[in-house]
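Engineer: Submitted below is the structure of interest, expressed as structure tokens.
The values are calculated or read from the model by the stated rules, or taken from the named source; none is laboratory data. All of these numbers come straight from a predicted model, not from anything done at the bench. Glycine also receives a Cβ, built like all others from the backbone with ideal geometry; neighbour counts cover every protein chain displayed. Heads up: the accessible areas ignore ligands, DNA and RNA and are worked out on the full protein's heavy atoms, side chains in. Shrake-Rupley method; radii C 1.70, N 1.55, O 1.52, S 1.80 Å.
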Amino acid sequence: MTETGSLARPSLSQPTFTNSAQPFDIVSTYHSLLAHDPDLTMPVAAIESLVLCLSSHPSTTISETLDLLHTSTQRLKDHVPNPISLSAGTDLFQRYLVTQLQATKPAGTPLGGGSTGSTTRSGSGYLGLGGDFNAVRAHLLSNGRLFVERAKASRQRIAGFGRHFIRDGTTVLTNGGSRVVGAVLRGAAEGDAKSGVGAVRFRVVYVMGGAEEERGGSEGGEEMEGTKTVKALRALGVPVATIPESAVAYALGRVDMMIVGAEGVVENGGIISRLGTYQMGMLAKAAGKPFYVVAESHKFVRLYPLSQYDLPIEQRVIEFEVSKDQKVEDEKDSIPRESFDVGEDEGVVMDSTENDFKEKTQTTTSMKANGPRDAVDFTPPDLISGIITESGVLTPSAVSEELIKIWF
């Protein structure tokens, strides 16, 4: 852990992602942070972006600061196809800053109270004498950076808890490219000399889906999700087998436990994770295998989905299609009969109706949505054996209590 005013990376103390001659762009900053640090998670990158945004905008009131925070957060969410993980971090950070603002309000100085100070303005949101808000703002940014550092350190704390679940001779099945799952597996393989915990001899079955094979051949030469973790484990002497998603049930007889990551942990104790996690949970339950989730507390999100189709994002996983010829016939049949009975203007009305239909079709197909490669699913809490966080191991039923502690 670094001190409050200093960081391991210079991006927070010295914003290098914006040009002083150009306005701050939080979306490009967010993507730049992710590109510069592959180990950075979406929530932490979003929080760092918000800290940089606050640093680059010389706000002078509390209301202006909170409005900037809200506007920037919403802009980030609007530009990410799946903002669930991002929202968990940004919403928690907003709550943290509001708490800090309330704690740093000078005693006896009402919000909005005027003063005779030369640099003080009267009106809602100003703090006392001139310069008071500058001190509050500096304190806010300092604590914001500390918040980021604590979020980054949580992965290693989770690895410390999670390694105790993996014992000699165990075979672990996992999927996706979760960084915290990789940290847990590497931690078990390496051991911890300081605490006297030795290395564990175990094996890993890694699920590499067909969608990830497509991603591996995408532009930029991006590796398949999970490839980096597989290479790192094999380099540590851990035997790793890779299987397709269709072989998960087949592999269950050789597996002792499952460990998965999550994009978000919801209020009822379930998780939102990459597509295929739900079926892994169902198979583990049917086979009597423990199913563990590892996730940082900044991924706890205030959602309460009831089913797969109750998530606040649009996904194109199930799409019914017919042949093009049949589609044209269906479109003609869907035109109201009244459109044909219009006398001399029949041809005009027909063209208008067809154009309207085309516009509706184009609007529907151009909407932002997640395809199978980027889709997620919801795993209900009854399939989860435990949730390993930096605060310890939680049962799914304890998540709501943990959210109350965090938010209230």
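Engineer: Can ALA45 be described as buried (at least 18 other Cβ atoms within 10 Å of the Cβ) and closer than 30 Å to GLY182 by Cα? Show your work before the answer.
Structural biologist: Working: buried (at least 18 other Cβ atoms within 10 Å of the Cβ): yes; closer than 30 Å to GLY182 by Cα: yes.
Yes.
Engineer: Taking the conditions exactly as written (open to solvent by less than 10 Å² (accessible area, probe 1.4 Å) and at pLDDT below 95), does GLY264 satisfy them or not?
Structural biologist: So GLY264 passes the test.
Engineer: Give the number of residues within region 230-248 that are open to solvent by 60 Å² or more (accessible area, probe 1.4 Å) and either without any contact (Cβ under 8 Å) to a residue 24 or more places away in the chain or not in a loop (DSSP other than H, G, I, E, B) (or both).
Structural biologist: Matching residues across region 230-248 total 6.
Engineer: Going by the structure shown, is GLU402 modelled with pLDDT of 55 or more and either closer than 26 Å to LEU86 by Cβ or open to solvent by less than 70 Å² (accessible area, probe 1.4 Å) (or both)? Steps first, answer last, please.
Structural biologist: Values: modelled with pLDDT of 55 or more: yes; either closer than 26 Å to LEU86 by Cβ or open to solvent by less than 70 Å² (accessible area, probe 1.4 Å) (or both): yes.
The answer is yes for GLU402.
Engineer: Residues of region 273-306 being open to solvent by less than 30 Å² (accessible area, probe 1.4 Å) and hydrophobic (A, V, I, L, M, F, W, C), which ones?
Structural biologist: Result: MET280, ALA284, PHE291, VAL293, VAL294, ALA295, PHE300, VAL301.
Engineer: Take the residues in region 299-318 that are closer than 22 Å to ALA46 by Cα and part of a loop (DSSP other than H, G, I, E, B); name whichever of them is nearest to the chain's Cα centre (by Cα).
Structural biologist: Ranking the qualifying residues of region 299-318, first place goes to VAL301.
Yes/no per residue for (1) in contact with a helix residue (DSSP H, G or I) (Cβ under 6 Å, 6 or more places away or on another chain); (2) at pLDDT below 70; (3) not assigned by the TED database to the domain that holds PHE161:
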| residue | (1), (2), (3) |
| --- | --- |
| SER178 | no, no, no |
| GLY182 | yes, no, no |
| ALA188 | yes, no, no |
| ALA193 | no, yes, no |
| TYR206 | yes, no, no |
| VAL230 | no, no, no |
| ARG234 | no, no, no |
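Engineer: Taking the options GLU222, GLU213, name whichever one is assigned to a loop (DSSP other than H, G, I, E, B), open to solvent by 70 Å² or more (accessible area, probe 1.4 Å) and either among the hydroxyl-bearing types (Ser, Thr, Tyr) or at pLDDT below 70 (or both).
Structural biologist: Criteria check complete, one pass: GLU222.
Engineer: Residues SER59, SER72, SER49, SER85: which one is outside any helix (DSSP H, G or I) and either among the charged types (D, E, K, R) or touching a helix residue (DSSP H, G or I) at 6+ places or on another chain (Cβ under 6 Å) (or both)?
Structural biologist: Values: SER72 fails: outside any helix (DSSP H, G or I); SER49 fails: outside any helix (DSSP H, G or I); SER85 fails: outside any helix (DSSP H, G or I).
Matching residue, one of SER59, SER72, SER49, SER85: SER59.
Engineer: On to the next question. Could you check how many residues of region 159-177 are of a type in the set (Val, Ile, Thr) and either open to solvent by 10 Å² or more (accessible area, probe 1.4 Å) or farther than 17 Å from ALA232 by Cβ (or both)?
Structural biologist: Residues that pass the stated criteria total 2.
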